[in-house]
1. Filter the range 72-119 for residues that are in a loop (DSSP other than H, G, I, E, B), of a type in the set (S, T, N, Q) and under 13 Å from P135 (Cα atoms) and give the result.
2. Looking at A33, A29, A50, can you tell me which residue is on the phi < 0 side of the Ramachandran plot and surrounded by fewer than 24 Cβ atoms within 10 Å (Cβ to Cβ)?
3. When the range 176-199 is examined, which residues are found to be in contact (Cβ under 8 Å) with a residue 40 or more places away in the chain, within 12 Å of the chain's Cα centre (by Cα) and more than 19 Å from M36 (Cα to Cα)?
4. Got a sec? Which of Y70, Y75 is closer than 24 Å to T124 by Cβ, of a type in the set (F, W, Y) and in contact with a Pro (Cβ under 6 Å, 6 or more places away or on another chain)?
5. Which residues, counting only those in the range 204-215, are within 18 Å of the chain's Cα centre (by Cα) and in a helix (DSSP H, G or I)?
6. Could you list all residues from the range 137-183 that are under 19 Å from Q198 (Cα atoms) and in a strand (DSSP E or B)?
7. Would you call G84 among the small types (G, A, S), farther than 29 Å from N204 by Cα and more than 19 Å from the chain's Cα centre (by Cα)?
8. Take the residues in the range 11-53 that are acidic (D, E) and not in a helix (DSSP H, G or I), then tell me which one is nearest to R155 (Cα to Cα).
Amino acid sequence: MKIALPARPEPIEIDRKQTAVLLVDMQNAFASAGGMLDLAGVDVRPAAGAVANARLVVDAARDAGVPVIYLVMGYPPDQSTAGGEDSPNPRKELALRLMRERPELKGKLLTIGTWDFQILDALTPHQGELVITKPRYDGFVGTSLDAELRSRGIRTLLMAGIASNICVESTLRDAYFHEYWPVMIEDATMAAGSPEIQRATIYNVTTFFGWVSTAKEVAGALHAK
């Protein structure tokens, strides 16, 4: 049965049996004091609201039997998935840059097994929920995400996470290119940067790549009879 989801630029219909919640990089690195973004000078205080709204959506999804899938950004201690000398990733990706520029941080940022890499306590996965580690901003690159979604018959992705203008938007754009229907939950995301950056991401999504809704609207749709 399809249900109406209020969204911009127009409402869309979703089938809960073909829908998943996709949490992107809800890790200490992106949302906690002392994490990577905080160390880089980004104000992470707005993350608390985004996390609370993501929890509202996750709880509604679990109640409705809608799968919750986690994407997390990270590298093994030897950085073997980070890209070599001929890759632009180590030159641009924030954790790799900070660890190179500040030797005291080496092995501490977005490194698998560290506190920085861990999923936030408020959004701890339940047993059996899928967690996929990605080596790039885009959750489809170098991962099993597409195969996992297709094996579950998923067509609609309800997306929350940090940072909205980097990993959320990168993954959302690629979801669109892979023929999924992506919905950004705007108040369950936070940009790495100013409010203008968040508005730019919302503009890109509503105009070109998908739909935008709110945590309250998404939770209401998931609970709808």
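The values are calculated or read from the model by the stated rules, or taken from the named source; none is laboratory data. Everything numeric in this text was worked out from a predicted model, so none of it was measured. Cβ atoms come from the backbone with ideal geometry, glycine included; neighbour counts cover every protein chain shown.
1. Residues satisfying the conditions are Q79, S80, T81, S87.
2. None of the other options fit; the residue is A33.
3. Listed by number, the residues that qualify are V183, I185, A188.
4. Y70
5. Of all residues in the range 204-215, those within 18 Å of the chain's Cα centre (by Cα) come to 204-206, 209-215.
If the condition is that a residue be within 18 Å of the chain's Cα centre (by Cα) and in a helix (DSSP H, G or I), then N204, V205, T206, F209, A215 are the ones that fit.
6. Passing the criteria: L158, M159, A160, G161, I162, P182, V183.
7. On the way: among the small types (G, A, S): yes; farther than 29 Å from N204 by Cα: yes; more than 19 Å from the chain's Cα centre (by Cα): yes.
The answer is yes for G84.
8. Taking the range 11-53 first, the residues acidic (D, E) are 13, 15, 25, 38, 43.
Going one step further and asking which of them are not in a helix (DSSP H, G or I), we end up with 13, 15, 25, 43.
Working: E13: 11, D15: 9, D25: 21, D43: 34 Å.
Among those residues, the one meeting the criterion is D15.
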